[in-house]
Amino acid sequence: MTGASGLSSSGRPPVLERIVGQPVAARLLEGALRSPVHAYLFLGPSGTGRRDAAIAFAAALICPEGGCGKCVACRETLAERHPDLDVIERAGASILVDQAHEVARLAMRTPRAARYHVIVLVDFDLVEKAAPALLKTIEEPPDTTILIVIAEAIAAPFATIASRCLHVGFRPLPQDALVSVLVREGADPSTAASVARAAAGRLDRARLLVREPGFAERLRRWSSVPGRLDGTGATVAELTDELLEAISEPLGVLRERQASELARLAEQASQQGDRTIAGRAAIEERHRREQRRVRTDELRAGFATLASVYRERLQAADLPEKRLHGTVAALEAIDEAANRLVRNVNETMLLEWLLLRLDS
Ligand SMILES: [Zn+2]
């Protein structure tokens, strides 16, 4: 089904060139285009490009040229507004039973314009009670329906569903892959290198940090913390406020991107009527999750910076014993704080708890 005219010089459909830093997944999907199965599971940590890859693969399936990247079908699919593409976001903490039934209903629909109707399910690992309804959909879709399920991991209750899908694995991106993506997208090499180090294999975080000039300054601020501690609660409170403000800085860039996504959604809704299932509320819910995630990432990066200060201190040959104990205790406290960085942690309390345990 891949038209020769649509191919890039590498032989890969141009639209699949959008899958960056995941050569194994890209090759697998390229092969899958020759005779697509009805369900794919895109499995891997968030931030590794699973959603972008799902949309690119959908475009390759929907495009009459097999993913030329230029035609109306490709452009509409990549903009997530092709009538034969449905992207389902979970509306709350998990995909609800109602949403699962809606997916089942959608899956029965024949394509409107393309050869296939593609349904992308985002954050499938949180389906919980919706699993039985979705299992039926995945087992018996019409030949023209292709499901792409995105998940971080598969918990035991969903093993049956997972076994019905072709697995496509996504891994944290190596630093050099992150650097080359950032440079290709216009970053200067030295910024790209420092951002890639702090992105922990996540393309979304790397892209956020590279557009956000305060990043290096924030790391400096975290490194200055030990030198500023003086054993008083007042200083701890002051530093806590300062660090809380710092972790909110990258939200500006994120909110801009989220606002343009909502604007695009509103424009789409006015053009064709709102046919998305979860629609705006689900997207706003995802935006809140993304904002929480950015703050947690910032705290993690800050803790790592703090730890590097104390680890460096340990290298000093003539460290007095009391100082040695304090440094080891600080590293343990940072480790403990990082472990406490779970969902809905009280950031103020966590930072105060940590700073009170750090040696100056
Ligand atoms: Zn095309």
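Starting from 0.36 nm per residue, how many nanometres of slack lie between LEU229 and ALA304 once their C-alpha separation is accounted for?
Contour length minus the Cα-Cα distance gives 25.2 nm.
Looking only at LEU134, LEU324, LEU33, which one moves most when the chain is put into a Gaussian network model with springs between Cα atoms under 10 Å?
In the Gaussian network model the winner is LEU324.
Please give the helix 175-184 orientation as an angle from the longest Cα principal axis of the chain, in degrees from 0 to 90, rounded to the nearest 10.
Helix 175-184 and the main axis of the chain meet at about 70 degrees.
Would you list ARG164, ARG228 from fewest to most Cβ contacts within 10 Å?
ARG228, ARG164
Checking the cross-link filter: which aspartates and glutamates have an alpha carbon closer than 20 Å to that of LYS129, excluding same-chain neighbours under 8 positions apart?
Partners within reach: GLU89, ASP98, GLU102, GLU139, GLU140, GLU152, GLU285.
Within the set of other residues whose C-beta is less than 13 Å from the C-beta of ALA337, count the net charge using Lys and Arg as +1 and Asp and Glu as -1.
Charge balance in the 13 Å sphere: -2.
How large is the convex hull of the C-alpha atoms of segment 51-108 per residue, in Å³?
Looking at segment 51-108, the number lands at 84 Å³ per residue.
Can you list residues from other chains, or at least 5 along the same chain, whose modelled amide H is less than 5 Å from the amide H of VAL87?
Amide H neighbours of VAL87, under 5 Å, 5+ apart: VAL120.
How high is the relative contact order of segment 207-360, in percent, with contacts defined as C-alpha pairs under 8 Å that are six or more residues apart?
37 percent
Report, in deg cm²/dmol and to the nearest 500, the calculated mean residue ellipticity at 222 nm for the chain, where each DSSP H run with n ≥ 4 adds -39500 (n - 2.57) and the sum is divided by the residue count.
Per the formula, -18000 deg cm²/dmol.
In percent, how large is the relative contact order of the chain, given Cα pairs closer than 8 Å and 6 or more residues apart?
It rounds to 17 percent for the chain.
Need one number for the chain: average projected area of the convex hull over its C-alpha atoms, nm².
Convex hull of Cα atoms, orientation-averaged projection: 20.2 nm².
Please give the length that would be gained between LEU356 and ARG288 if that part of the chain were fully extended, namely 0.36 nm times their separation in residues minus their C-alpha to C-alpha distance (nm, one decimal).
Result: 21.5 nm gained on full extension.
What is the magnitude of the charge dipole of the chain about its Cα centre, with +1 placed on the Cβ of each Lys and Arg, -1 on the Cβ of each Asp and Glu, and no other charges, expressed in debye to the nearest 20?
780 debye
Determine Rg/Rh for segment 171-287; Rg is computed over alpha-carbon atoms and Rh is the Kirkwood hydrodynamic estimate from the same atoms.
Looking at segment 171-287, the ratio lands at 1.11.
Figure the gain on full extension for GLU261 and GLU140 (residue separation times 0.36 nm, minus the Cα-Cα span) and round it to one decimal in nm.
Extra length available between GLU261 and GLU140 comes to 40.2 nm.
For the pair ASP188/GLU238, report the inter-label distance in nm, with labels modelled 7 Å from Cα in the Cβ direction.
For the pair ASP188/GLU238, the computed spacing is 3.4 nm.
Would you work out the relative contact order for segment 15-102, in percent, from Cα pairs under 8 angstrom that are 6 or more residues apart?
With pairs under 8 Å counted, the relative contact order is 24 percent.
Only the coordinates and a few stated rules stand behind these numbers; no lab work does. From a predicted model like this one, the values you see are computed outputs, not experimental measurements. With ideal geometry, Cβ positions are generated from the backbone for all residues, glycine too; neighbour counts draw on all protein chains shown.
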